[in-house]
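The next block holds one structure in the form of structure tokens; read it before the comments.
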Amino acid sequence: MNQAPSPNLADPAPSPHDALQTQDGRASAPLLTVRSAVYSYGSELALQGANLQLAPGEILAVTGPSGSGKSTLMLVAAGVLAPTAGQVIFNGRVISDDSEGERSRLRRTEFGVLFQFGQLVPELTAGENVALPLLLDGAKRQQARAAAGLWLERFGVADLIDVRPPDMSGGQSQRVAAARAMVTEPSVLFADEPTGALDTMSGEAVMREIVRVAREAGTGVMLITHDAKVAAYGDREVLVRDGTTNELSINLRNGDDR
Amino acid sequence: MSTGHVLMGLLANADRHGYDLKHEHDARFPASRPLAFGQVYAALERLGKKGFVGATEVENADGPNRTVYRLTDEGRRELDDWLRRTEEPSPFVANPFAVKTTLALLAADRDTAIDFMDRQRATHLERMRELTRRKLDPDSSLSNVLAADFALAHLDADVRWLESALERITHLEQEVQP
Ligand SMILES: Nc1ncnc2c1ncn2[C@@H]1O[C@H](COP(=O)(O)OP(=O)(O)O)[C@@H](O)[C@H]1O
Ligand SMILES: [Mg+2]
């Protein structure tokens, strides 16, 4: 077997320095690890011991039925929610114990987030929307605007720079939202059902761009989806069921399944 | 879907040797089973008898004469007619996963069935990733992309079935228990 270790609940939790295999077969330390994470919304137990590892530049699909805890797992991994128990480790450092302020700063610089509905500010143009994360982080206006233009171009929507979201198609909005998520050049992009609201062809076009741009930039992607066709854009898949994760690593080339 | 109609479609734009027809078929429809030469010549002979295809002997300086086939006007009418006819959807799609899942519940236990389904899903996903990579390759031809779309849609249907079956499995278990 040359696949990543299966984070089975019965096994001892993986250490942050456990080696992962990247697509080209080289071992590398995980960039992001979620270890035995528990999270509840009041009395609603949404995560009950979830494990996850993301290698630098890896595209990891997180799948599972609706209500299984995928979005909660993403929010915990991205430091938006602090887990009730368990740990989130980024670059070898436990970030789940950080203060909200520290996690917020990390999110602004290292993480990008993309939701099903892009959540663009409708009053701002595409260029202003994409420049926003840089401006909030203290960048100069000129610089932010130039970076926004560059990232819009990478997602094939440079011509929309002065267009406002109400005048865009669903696919265009998602490309602009993706450019905004990537403008800070994060090391991890968290994408929660990024094509869930799009029709087949524009969803496919958006996925194609996200994968291409993430590969070029070397950005790791945590791709949340209930759709196997979308999950197939990933390098690997982790299944979430009833708040726990299950990684199935089948290596056909090794005759594992024959 | 008869081989004869497929060959007539390939003859619509240019006259061809039997040899070329076989190779064009295999290149254009990579997901289909490759045609055997015997199959091609047998089909061309049937089409000839019906008057859909005509044959002309062409001299070949390097060897024996070769036969070039062309679509006749009658053949063109039959082809147009066939292109407008829908195909019969197969009412009973074979589902080997359902058979195995049911037998796993009967002959083993629930965990065996669930383990089988999980591993089957992972195997499907592996294939789907491979097809997606092929689609993302900018050098993929249209027929390759269309074939990959078809395969992906069918594998996706299997995966959806596996997911719903997993949710139903407790009920399924009660049904198959003797
Ligand atoms: N804000 C919330 N308040 C209370 N319960 C929630 C909230 N968000 C999610 N849940 C519950 O937590 C569980 C997991 O939800 P979620 O992580 O959104 O799953 P998924 O993304 O897989 O559909 C579900 O039972 C859901 O109802
Ligand atoms: Mg969700």
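The numbers here are math on the coordinates, done by the rules we state, and not lab data. Computed from a predicted model, the values in this text were never measured in an experiment. Glycine also receives a Cβ, built like all others from the backbone with ideal geometry; neighbour counts cover every protein chain displayed.
Things worth noting here:
- Straight-line cross-link partners of B:LYS49 among the aspartates and glutamates, defined as a Cα under 13 Å from its Cα and at least 8 positions apart when in the same chain: B:GLU74.
- Using 0.36 nm per residue and subtracting the Cα-Cα separation, the extra length available between B:ARG85 and B:HIS23 on full extension is 19.7 nm.
- Cα gyration tensor, region A:198-243 - rounded (a/c under 1.5), prolate or oblate: oblate
- Cross-link reach list, lysines versus A:LYS229, counting only Cα pairs under 25 Å and skipping chain neighbours closer than eight places: A:LYS70, B:LYS100, B:LYS135
- Shape of region B:3-84, Cα gyration tensor, a/c cut at 1.5: oblate
- FRET efficiency estimate (nearest 0.05) - Cβ-Cβ, A:ARG108 to A:ALA82, R0 22 angstrom: 0.80
- Amide hydrogen neighbours beyond the local backbone of A:ALA46, cut-off 5 Å, H modeled: A:TYR39, A:SER40, A:TYR41
- In percent, rounded to a whole number, the relative contact order of chain B is 19, using alpha-carbon pairs under 8 Å and six or more apart.
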